[in-house]
1. Among (1) under 24 Å from Val98 (Cβ atoms); (2) within 22 Å of the chain's Cα centre (by Cα); (3) open to solvent by 30 Å² or more (accessible area, probe 1.4 Å); (4) aliphatic (A, V, I, L, M), there is one condition Val129 misses while meeting the rest; what is its number?
2. On the given criteria, is Ala68 open to solvent by 30 Å² or more (accessible area, probe 1.4 Å), in a loop (DSSP other than H, G, I, E, B) and at pLDDT 95 or above?
3. For the range 207-228, which residues satisfy the criterion of being open to solvent by 50 Å² or more (accessible area, probe 1.4 Å) and of a type in the set (Phe, Trp, Tyr)?
4. Return the residues of the range 316-331 that are more than 24 Å from Val376 (Cα to Cα) and modelled with pLDDT under 95; say none if nothing qualifies.
5. In the range 112-133, what count of residues is obtained for those that are within 14 Å of Val245 (Cα to Cα) and part of a loop (DSSP other than H, G, I, E, B)?
6. Restricting attention to the range 274-297, and to residues there that are within 19 Å of Thr344 (Cα to Cα) and modelled with pLDDT of 85 or more, which single residue is farthest from the chain's Cα centre (by Cα)?
7. Condition first: within 27 Å of Phe89 (Cα to Cα), open to solvent by 50 Å² or more (accessible area, probe 1.4 Å) and assigned to a helix (DSSP H, G or I). Can you find one or more residues in the range 160-170 that meet it?
8. Does Phe192 satisfy the criteria of being more than 26 Å from Glu427 (Cβ to Cβ), in contact with a Cys (Cβ under 6 Å, 6 or more places away or on another chain), among the aromatic types (Phe, Trp, Tyr) and buried (at least 20 other Cβ atoms within 10 Å of the Cβ)?
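The values are calculated or read from the model by the stated rules, or taken from the named source; none is laboratory data. Note that the structure is predicted; figures quoted are calculated from it, not measured. All Cβ positions, glycine included, derive from the backbone under ideal geometry; neighbour counts span all protein chains shown. Just so you know, the surface numbers come from the protein's heavy atoms only, side chains and all, with ligands and any DNA or RNA stripped out. Shrake-Rupley method; radii C 1.70, N 1.55, O 1.52, S 1.80 Å.
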Amino acid sequence: MRKWVYLFNEVREVEKATGGTWDDVKGLVGGKGAGLLDMTRAGVPVPPFFTVTTEACNEYQKAGKFPAGMWEQELAALKQVEKKTGKKFGDPSNPLLVSCRSGAKFSMPGMMDTVLNLGLTDETAAGMVELTGNPRFVYDAYRRLVEMFGTVVLGIPDEAFEKPLDEYKSKKGYKLDVEMTADDWKEMVRVFREVVKQHKGFDFPQDPFKQLELATEAVFKSWNGKRAVDYRRHTNIPDDLGTAVNIVTMVFGNMGDDSGTGVAFTRNPSTGEPEMMGDYLLNAQGEDVVAGIRNTDPIENLKTKMPDVYDQFMDITSKLEDHYEDMQDVEFTIERGKLWMLQTRTGKRTAKAAVKIAVDMVNSGLITKEEAVKRVMPDQVDALLHPQFDAQAKQNAEREDSLFAKGVNASPGAAVGQIYFDADTAEKMSKEQKQDVIMVRPFTKPDDVHGMIAAKGVLPSEGGAPSHAAVVARGMGTPCVAGAGVPDDGVDHLGQVFVQHHQLYLHLGQQVDGELAAAPRLLHAALAAVSSHRRDRDTRIADLLQRRPHPLPHGRPVFEDHHSQAPAPVLAGPRISASHRIPRLPACRPLAPHDPDPVQREPGLAFDPRDLEPLVRRAGLRERHPHHPLLDLLLHVCHGCPLPLTPPRVPP
């Protein structure tokens, strides 16, 4: 029978099956599987695992089902992992939990799917609470499984899980996940399972083997997912390679302050400098780091937190770079003070870094000049010729208070364009309107890759250098500033404005969907009423609600009858510029809070802006979003209060 599955200790069998070349080994078990096999052979601490081959994936794509014998081989390999770990999959008294991870021959960061904590059920969760004495850790892991299984395997939108969690944290007064208690996470497990029932009509599966089967199939399917196909088209990766599936024993970074997880590069992937660059989080799981949903700590801080672990990590990564003769991108987890290596692969890098690393490795005798030349691709040489910002212009931007924000220089370069808050709109405006666009997101998800491909620059307000946005942007040569958050309310991802201290700061021209879609139009109408010089008293509210502002990257709100030009602020550096010329608002006298009759005070108003408040109430927006800053600002205007139109200074 054909062999579809290889165990953690079968690297020689893989080499024999493929003819012995490492490139062919990666072709059969994927880059991640090959790295795990090689690290295991070298004695690096790697959790026990097995890998389902890319050939099995390709057979699945042809037939729409697992190839004959594959599932039986997977179950047999699972038995060997149980034997190695001393745990049993689905056993409440000593449960084995596993992750299901994709891994193609060539690195495709975030483009395919992963599910963590497979094997958790109501029974095994209760057993783990007994074993660990740490119910917070157990139910945190359980809710992650239900959420990831729901989104990855069952296709439920992320927002279906994110919204109830955000609402729960808001109700409790929490800002961070680490503030959640064991009872809080247990309640979220119940809520998330109800989300699954509402969307799919059946309960979250309590059979661990069904979880594993469906997760394996989901990873196979993700090879032909939209983001994976878009990425392969952009990077010229063939469609017939397939992805391997790696079933890896779970080790946990969220068991307390003696646990953590991180991602690192053995050299600076932006500049090529020979320095470790990476980030980690204590009491977290891997997705918390790569998704960019929490701001991370630099890897060098681990030296003071866990010096022994740090020294072991530096020793292992140095040996890995020497072994592979190239910069490595590694993932690791610390469980109760013990270091586990979860991945090593050749790291994505910028064009500048590619040249620097190649030259340095030649000078150190690690590689030959011929190999160095092969490693610098023509498109990387082209990227070195891309425009950079003038140093004096950046200094002027800071001096003139037109610097918008600063963040991590995750992928260097310069970009100028129009800001959009979602990947679909960024792609649409780039393709259909031929605009240069900059995609702004709280953090990017793998599903945003089409927007990143279309964008000239990427600006996530959270995350760091190892985040998904940064890794993908570097591979594409696209400028990216990560963690460029602004204090207080930040980017309003539901609407078209950026609000800080009740001041309008950004405005987009593209309308949005959802419950708050009307809110930007209402705000637009209120601003038009305050600012417009038109004397047409017959203008109807309905007409104002339908008027669309000019699309512009940022600055003051602008309406279609204003034409004077002024330069916009610069988002500078050494970062991304969103420089653009925008119309300036005409001078007007704002309404004062104490005015008894705003309409008499400002004869140019088409209607009293207070007329908008009933529209907000009838739409039910205030009840559903009681603390939304956009509505606060709208009602602020509706009550005749002055609207400050000058953006506040953001301290550098």
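1. (2)
2. On the way: open to solvent by 30 Å² or more (accessible area, probe 1.4 Å): yes; in a loop (DSSP other than H, G, I, E, B): yes; at pLDDT 95 or above: yes.
So Ala68 fits the description; yes.
3. Within the range 207-228, just Phe209 meets the criteria.
4. Within the range 316-331, the subset more than 24 Å from Val376 (Cα to Cα) is 316, 331.
Answer for the range 316-331, where residues must be more than 24 Å from Val376 (Cα to Cα) and modelled with pLDDT under 95: just Glu331.
5. The qualifying residues number 2.
6. Looking at residues that are within 19 Å of Thr344 (Cα to Cα) and modelled with pLDDT of 85 or more, I get Pro274.
7. Checking the range 160-170: not a single residue is within 27 Å of Phe89 (Cα to Cα), open to solvent by 50 Å² or more (accessible area, probe 1.4 Å) and assigned to a helix (DSSP H, G or I).
8. Judged against the criteria, Phe192 is not a match.
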